[in-house]
Amino acid sequence: MSCSSHCCGAEKIFDEKGVRKALKKYSKKGPDNFSQQLIDALKKEDINQLSMLDIGGGIGILQHELLKEHLSHTTDVDSSEAYITGAKTLMVENGTQDKMNFIHGDFNEHIDKIDKHDIVTLSRVVCCYPDIDKLINNSINKANKYYGLVYPADNIIIKMGIGLMNLSLYLRKNPFRTFVHSVDKMNDLIASHGFERVYLGNAFMWRIALYKKVD
Ligand SMILES: C[S@@+](CC[C@H](N)C(=O)[O-])C[C@H]1O[C@@H](n2cnc3c(N)ncnc32)[C@H](O)[C@@H]1O
């Protein structure tokens, strides 16, 4: 994997300790509220036998839940090796080895080898990436039908919290930073690719949105 300073910093944040915590929480409580909302919004659509590209999938909660009954196969692209290992642990438990593909690295550096999928999701990933135009344009170009996002609300309280988080990263000499992007700008970009929003929900600081390609 080529390692930009931002991505190397991400490897330190999204590490084995975080994976252990995420796996334990998922096994005890199931999907978080924001993941469940995106899963439910997708299940209301006709997604049987569709494929899904989950960018920054973490331990792969969206993929594991939707592979149970609906999807044909998934591709997980994640810049954290530890999280990919966590997702593979659940894949083996679920017996879905023949339905899941993995790519380790920054999604934007691997776009040439990633096929289009019916559904593309980025849950809590836009806040990890500085160039929102690049991330949304590259990822939505991989979506045939649906585009799902979980992103932080762009209000002043969240911006202050993210600012404090970045200060703490700076003090710990970690080059990784988190970002609150303009929601209007993200919506305009997505609409410019011919997608309309079919679901919008809230979960504490997160907004959950599902967009559908207009025929
Ligand atoms: C906050 S976690 C979210 C995990 C999961 N999607 C969820 O909502 O629980 C962010 C994930 O995105 C990954 N990530 C961040 N930027 C990325 C990029 N440019 N390409 C691929 N993965 C990325 C991180 O490694 C991490 O696993």
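The values are calculated or read from the model by the stated rules, or taken from the named source; none is laboratory data. Please read all numbers here as calculations on a predicted model, not as lab measurements. Neighbour counts run over all protein chains shown; Cβ positions are idealised from the backbone, glycine included.
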Considering only segment 192-206, I want to know if a residue exists there that is loosely packed, with under 15 Cβ neighbours inside 10 Å, aromatic (Phe, Trp, Tyr) and not in a helix (DSSP H, G or I).
yes
Would you mention how many residues in segment 2-33 are farther than 16 Å from residue 86 by Cα and at pLDDT 95 or above?
3
How about segment 62-140: which strands (runs of 3 or more DSSP E) wholly inside it have at least 3 residues that are within 11 Å of the ligand (Cβ to nearest atom) and surrounded by 17 or more Cβ atoms within 10 Å (Cβ to Cβ)?
73-78, 117-123
Residue 21 surrounded by fewer than 21 Cβ atoms within 10 Å (Cβ to Cβ), free of Cβ contacts under 8 Å to residues at least 40 places away in the same chain and within 12 Å of the ligand (Cβ to nearest atom):
yes
Considering only residues of segment 41-61 that are under 16 Å from the mean Cα position of the chain (by Cα) and assigned to a helix (DSSP H, G or I), which is nearest to the ligand (Cβ to nearest atom)?
61
